[in-house]
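*Asks:* Could you have a look at this structure, given as structure tokens, before my questions?
The values are calculated or read from the model by the stated rules, or taken from the named source; none is laboratory data. Keep in mind it's a predicted model, so treat the numbers as computed, not measured. Cβ atoms come from the backbone with ideal geometry, glycine included; neighbour counts cover every protein chain shown.
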Amino acid sequence: MVHAAKGIFISCDIPMAQFIINYNASLPQSQKFIIHILDGTHLFVSSNVEGMIRSAIQEFREKNTYEKPA
């Protein structure tokens, strides 16, 4: 029997993939979104979480951006 799932294919570098995997692991079981980890740089996730992933990445980048002191 074939099982099909609608989702989004994410291709990124290894550190960003690890960030997404760790973000997924921090959520309760009912909110986990990773369908399959294909390899170190490719993930298949639920299609309804694109905005949530983008906002988590944006928040992470804002926290870890260097600003030169005045």
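*Asks:* Looking at the stretch 27-48 only, could you name the residues that are without any contact (Cβ under 8 Å) to a residue 24 or more places away in the chain and under 23 Å from N64 (Cα atoms)?
*Replies:* L27
*Asks:* Let me ask something else about it. Just to verify a result, which residue in the stretch 1-26, among those that are free of Cβ contacts under 8 Å to residues at least 24 places away in the same chain, part of a loop (DSSP other than H, G, I, E, B) and small (G, A, S), is nearest to K63 (Cα to Cα)?
*Replies:* By that ranking, first place goes to S26.
*Asks:* Same structure, new question: So T65 fits all but one of (1) farther than 19 Å from A5 by Cα; (2) part of a strand (DSSP E or B); (3) β-branched (V, I, T); what number is the exception?
*Replies:* Failing condition for T65: (2).
*Asks:* Being closer than 15 Å to G7 by Cα and polar (S, T, N, Q) is the filter here, so list the residues in the stretch 25-49 that pass it.
*Replies:* The answer is Q31, S46, S47, N48.
*Asks:* Tally time: how many residues in the stretch 1-31 are of a type outside the set (F, W, Y) and surrounded by 15 or more Cβ atoms within 10 Å (Cβ to Cβ)?
*Replies:* The qualifying residues number 8.
*Asks:* Out of the stretch 27-54, which residues are outside any strand (DSSP E or B) and within 17 Å of P15 (Cα to Cα)?
*Replies:* G40, T41, I53, R54
*Asks:* If you don't mind, another one. Residues to consider are A25, A17; find the one that is touching a Ser or Thr at 6+ places or on another chain (Cβ under 7 Å), at pLDDT 95 or above and of a type in the set (A, V, I, L, M, F, W, C).
*Replies:* A17
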